[in-house]
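The values are calculated or read from the model by the stated rules, or taken from the named source; none is laboratory data. All values derive from a computational prediction rather than experimental measurement. Virtual Cβ from ideal backbone geometry, glycine too; neighbours counted across all protein chains shown. Heads up: the accessible areas ignore ligands, DNA and RNA and are worked out on the full protein's heavy atoms, side chains in. Shrake-Rupley method; radii C 1.70, N 1.55, O 1.52, S 1.80 Å.
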Amino acid sequence: MRVQPALTPADRALRRGRSVRAGLVLAGAVALFLALTLPLSGALIDDTFIHLQYARNFRDGHGLVFNLGERVFGTTSPAWSMGLGLLGRLGVDLYAAAKLGSLLFGVLALGAFALALRRFLATIVGPHGYASRRTEFAWACGVVAFAADAWLVRWSSTGMETSCGVFLVTAGFASSFATRPWGNRLVIPTLWWSLAALVRPEAALLVLLLVARIVLSSAPWPRRLGRVAGVLALAGLVQAPWLAYAWSFYGTLLPQTLAAKTAGGVGPAVFLASLGRQAQEILATRAVEAFAFAALLPALAAALWRRRAEHFLPLAWLVLLPLLYALRGVHPISRYLLPLAPVLLFHGWGALAALAAAERRAPARAVAMLATACLLGLGLNGFLWARFVVPHARTFSADARAVLGGYGAWIRDNTPPGTTVAIPDIGLFAWTAERPVLDLAGLVSPGIPRLIGLYGNSEEGTLVTRFQFAGVARPAYLIDRAARPRRLLELEVSPYAPCLTVIDVVGEDGAVRYRGLRNPEAAYYTLYRIDWMAFDRMAGAERQASAASRSVRSAMAKSFGPSPPRS
């Protein structure tokens, strides 16, 4: 056993000084983070209320369901929904718990990142480690840069599970970096990442990468197999309660959202489009770190290769998760990609710290380089925050409350319990209406993902315009989302316009002026009452006309022979 030398008074004073400085930096970073979230305190997104709807029904003893009586595995974050439901049983307001919880986990994610980056830099720089003042300054810059991350700020303000997932993923990396070589510490990272998979299912990839790290190691095979068995057993132990619940309650272990989010198809074009969109989302906030890592990669390549066993897991996570999304045909938004940001920051600031530590003749120039990189990152995220994040959050939140919340309040006050409404954005509406919904996006309604694959769920698709959803359910009302109001009353858009009656209960034609950061145009929501008797008459006449047309074509073919092929 190696005996550590006793610390001298000077060493202890140096450590205390570093601890004080680190505490001040972290406190300042948390203050910056909270200041940036303050203008977003009233922000909401529709998906938050999907979690809240599940949580409310779980709180009330109906199980983890969206619509009462429909056992559909439609949540990808069971731990978040169940956790809110359990807090609700204690009398805590669900919406307040979600908002405060996501903000708290944002702060914890920042703390976990500070610890992980400190451990990362302590080994990536070399023998001087964290004791180097320049490395310490690089650490401070990295922490402040993450505190100002526009996506972290945005999603920590919405009541979503995103910040919780980022915290659990980052805490797993912090524990993995605690000992050398990285990746040999198994129990604590496995626990963190197995819990993370209950919040964001993509985090299960980290457990699989940890298994791959063990398999690819140089240890004797019996030891490798034993360690793999231990990791899988521990992950299974963490996941077992939820998997048992899902199998017994839903009859499946896979969420329906996996099918719904890929119902649009896959293929080379979709793959490339997904990769391009992911690159835009990541570089929007982390372009400085990505550029620094890419620019300095040739100089670091030899060192990274020598320690490839350690860098395998974080770099594989950074590369494979986007590829997995693209292969599935998913076009993820920023919150799906946010758990990648800490790893990109590790390597970006690790490369910058290594460059600064290697600068012996002009230390002031090295410090200036680090400060410039930090300021560029702050400026990029500050611009994104001020120009897009805050205006969108305020505009969308106000309009969504007025339109989706307004329609929900009208349905709640003017229809009997059990009245079904078809709608593509289900969260806030269902939370307010307290009525079952037919989810036209396919997240919680069985049968809809298959129809989306056949007819599409875009405004140009026929799922809504030709009432293709009628084979799954016949809702009493339909809320259509389109680029203009009342489009379904136009016969050239929908042949079933005579079956619809518009119900005007919100102002400005149901406009949500800023439907998303990628879609700044307005979306118009129109509430229709559906006359299904009229639909049956029209559909019957349509079928008869189609049958008659086929009979005429068949008779002509028998009389004159088959028509020649068209050129």
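Observations, loosely collected:
- If you go through the range 84-117 and keep only what is surrounded by fewer than 22 Cβ atoms within 10 Å (Cβ to Cβ), of a type outside the set (Gly, Ala, Ser) and under 30 Å from Glu310 (Cβ atoms), you end up with Val107, Leu108, Leu115.
- Residue check, Arg486 buried (at least 18 other Cβ atoms within 10 Å of the Cβ) and more than 16 Å from Arg466 (Cα to Cα): no
- Boolean, Pro332 is in contact with a helix residue (DSSP H, G or I) (Cβ under 7 Å, 6 or more places away or on another chain), assigned to a loop (DSSP other than H, G, I, E, B) and either modelled with pLDDT under 95 or within 23 Å of Phe388 (Cα to Cα) (or both): yes
- Scanning the range 497-526 for residues that are in a loop (DSSP other than H, G, I, E, B) and more than 29 Å from the chain's Cα centre (by Cα) yields Ile503, Asp504, Val505, Val506, Gly507.
- Of the residues making up the range 433-487, those that are polar (S, T, N, Q) and free of Cβ contacts under 8 Å to residues at least 40 places away in the same chain number 4.
Listed here are the residues, each with its yes/no results for (1) in contact with a Ser or Thr (Cβ under 6 Å, 6 or more places away or on another chain); (2) at pLDDT below 90; (3) in a loop (DSSP other than H, G, I, E, B); (4) of a type in the set (Asp, Glu).
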residue: Phe249; (1), (2), (3), (4): no, no, no, no
residue: Thr252; (1), (2), (3), (4): no, no, yes, no
residue: Thr257; (1), (2), (3), (4): yes, yes, no, no
residue: Val270; (1), (2), (3), (4): no, yes, no, no
residue: Gly276; (1), (2), (3), (4): no, no, no, no
residue: Gln280; (1), (2), (3), (4): no, no, no, no
residue: Leu297; (1), (2), (3), (4): no, yes, no, no
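- When Arg361 is tested against (1) outside any loop (DSSP other than H, G, I, E, B); (2) modelled with pLDDT under 95, only condition (1) is not met.
- Restricting attention to the range 368-383 and to residues that are of a type in the set (A, V, I, L, M) and closer than 20 Å to Pro342 by Cβ, the residue that is most open to solvent (accessible area, probe 1.4 Å) turns out to be Leu376.
- Subset of the range 393-404 [open to solvent by 10 Å² or more (accessible area, probe 1.4 Å) and either of a type outside the set (A, V, I, L, M, F, W, C) or in contact (Cβ under 8 Å) with a residue 24 or more places away in the chain (or both)]: Ala393, Arg394, Thr395, Phe396, Asp399, Arg401, Ala402
- Residues in the range 489-514 that are more than 27 Å from Thr415 (Cα to Cα), open to solvent by 70 Å² or more (accessible area, probe 1.4 Å) and of a type outside the set (A, V, I, L, M, F, W, C): Glu492, Arg513.
- Residue in the range 230-246 that is open to solvent by less than 40 Å² (accessible area, probe 1.4 Å), hydroxyl-bearing (Ser, Thr, Tyr) and more than 17 Å from Phe173 (Cα to Cα) present: no
- Within the range 478-496, the residues that satisfy the criterion of being of a type outside the set (Lys, Arg) and within 30 Å of the chain's Cα centre (by Cα) are Leu478, Ile479, Asp480, Ala482, Ala483, Pro485.
- Screening the candidates Ala341, Ala351 for the property of being open to solvent by less than 30 Å² (accessible area, probe 1.4 Å) and under 17 Å from Trp151 (Cα atoms) yields one hit, Ala341.
- The lone criterion from (1) touching a residue at least 24 places away in the same chain (Cβ under 8 Å); (2) under 27 Å from Ala204 (Cβ atoms) left unmet by Val65 is number (1).
- Close pairs from the range 501-516: first under 14 Å from Asp480 (Cβ atoms) and among the hydrophobic types (A, V, I, L, M, F, W, C), partner open to solvent by 70 Å² or more (accessible area, probe 1.4 Å) and not in a loop (DSSP other than H, G, I, E, B), Cβ under 8 Å, at least 6 apart: Val502/Leu489; Ile503/Arg529
- Of all the numbered requirements in (1) part of a loop (DSSP other than H, G, I, E, B); (2) surrounded by fewer than 14 Cβ atoms within 10 Å (Cβ to Cβ), Met533 misses one, and that requirement is (1).
- Being open to solvent by less than 20 Å² (accessible area, probe 1.4 Å) and within 25 Å of the chain's Cα centre (by Cα) is a description that does not apply to Leu254.
- So Gly69, is it surrounded by fewer than 17 Cβ atoms within 10 Å (Cβ to Cβ), of a type in the set (Gly, Ala, Ser) and under 27 Å from Tyr514 (Cα atoms): no
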